[in-house]
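Worksheet for the structure shown next.
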Amino acid sequence: MKTQYLLPNKFKKIGWLIFIPVSLLGILWLIFEPLFEQKLDLLEFNVFALVSGGILNDTYVFQVIENNILDEFIGVLFIISSIFIAFSKEKTEDEFIAMIRLESLVWATYINYGVLILALIFVYDIPFFWVLVFNMFTTLIFFIIRYNWALNNSKKSIENEK
Amino acid sequence: MKNSIKVERAKKNITQAQLADLVNVSRQTINAVELGKYNLSTILALKISSIFGQSVDEIFELETSDW
């Protein structure tokens, strides 16, 4: 079946190979973030900022600033690898799998925004900032979990047939 | 929608996996269609019918609940 916008099947494996180490690095970063920021001077780079600034200082546009690039590195690779995993074709891609994919995407979007609505109502200040940080990634994560679960269920159904 | 794929497969003595290969879909898809869990596309219905050498409405049949 011809499918639009999906990546070739081999991207799924590449995705997992990047996703697993980057997730582990991400978890380490979350735990040891203050330590990383101080010790990892070698990751301090001058970067071009379209917009920058803090709560206490002014907002700058089109400035070169000094920044530890570890979190940017983790974030970008996490998103790219998740997209590889989520949107690569199956070995035999067909209309039934396309339906499972669509259903899972709808489901993941509902769950993601459901969680975000709850967080909007019940979480405030700095913890809410962290909710937003995680929310950048959760749609893809919820989709990957739900899609693979549904695909596995359909495979199990075959085994029961025998 | 009812279908007689299972019966036709038995007549031709082919498995779900073999039928899946013949019409170029995954095994899950044939399984889900056979169990009535998934309403297949017109193209796939035509392909399956042609494998069994029959017309679509000999293999697939509307049920009242489809209306």
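Restricting B:N31, B:N3 to those that are in contact with a helix residue (DSSP H, G or I) (Cβ under 7 Å, 6 or more places away or on another chain), surrounded by 14 or more Cβ atoms within 10 Å (Cβ to Cβ) and touching a residue at least 40 places away in the same chain (Cβ under 8 Å) reduces the list to B:N3. Applying the condition of being surrounded by 13 or more Cβ atoms within 10 Å (Cβ to Cβ) and either at pLDDT below 95 or over 18 Å from the mean Cα position of the chain (by Cα) (or both) to the stretch A:77-93 and asking which residue is nearest to the other protein chains (Cβ to nearest Cβ) yields A:T92. A search for C-beta distances below 6 Å between a residue of the stretch A:56-78 that is free of Cβ contacts under 8 Å to residues at least 24 places away in the same chain and any residue that is hydrophobic (A, V, I, L, M, F, W, C), counting only pairs 6+ apart in sequence or on different chains, returns A:V61/A:V51; A:Q63/A:A49; A:V64/A:F48; A:I65/A:A49; A:N67/A:V47. Applying a threshold of 7 Å to beta carbon distances and a minimum spacing of six or more residues, or different chains, the list of pairs starting in the stretch B:38-67 at a residue that is touching a residue at least 24 places away in the same chain (Cβ under 8 Å) and ending at one that is small (G, A, S) reads B:I59/B:S4; B:I59/B:S49; B:F60/B:A45. For the stretch A:144-161, the criterion of being within 14 Å of chain B (Cβ to nearest Cβ) and either basic (K, R) or on the phi > 0 side of the Ramachandran plot (or both) is met by at least one residue.
For A:I121, the stated conditions hold: it is farther than 30 Å from A:K155 by Cα, assigned by TED's automatic domain parsing to the domain that holds A:R146 and in a helix (DSSP H, G or I). Scanning the stretch A:94-112 for residues that are assigned to a helix (DSSP H, G or I) and either within 11 Å of chain B (Cβ to nearest Cβ) or charged (D, E, K, R) (or both) returns A:E95, A:F96, A:I97, A:A98, A:M99, A:I100, A:R101, A:E103. The residue pairs whose first member lies in the stretch A:110-129 and is surrounded by 14 or more Cβ atoms within 10 Å (Cβ to Cβ), whose second member is part of a helix (DSSP H, G or I), and whose beta carbons are closer than 6 Å, counting only pairs six or more residues apart or on different chains, are A:I111/A:F142; A:N112/A:T138; A:N112/A:T139; A:N112/A:F142; A:L116/A:N135; A:A119/A:V131; A:V123/A:V131.
Looking at the stretch B:56-67, is at least one residue more than 10 Å from chain A (Cβ to nearest Cβ), more than 23 Å from A:W149 (Cβ to Cβ), out of contact with any helix residue (DSSP H, G or I) (no Cβ under 9 Å at 6 or more places or on another chain) and among the β-branched types (V, I, T)? Yes. Residues in the stretch B:1-53 that are outside any loop (DSSP other than H, G, I, E, B), more than 14 Å from chain A (Cβ to nearest Cβ) and of a type in the set (A, V, I, L, M, F, W, C): B:V7, B:I51. Screening B:D57 on (1) of a type in the set (D, E, K, R); (2) modelled with pLDDT under 95; (3) surrounded by 15 or more Cβ atoms within 10 Å (Cβ to Cβ) shows it passes everything except condition (3).
The values are calculated or read from the model by the stated rules, or taken from the named source; none is laboratory data. What you see is a predicted model; the values in this text were computed from it and never measured. Positions of Cβ are generated from backbone atoms using ideal geometry, with glycine treated the same way; all protein chains shown enter the neighbour counts.
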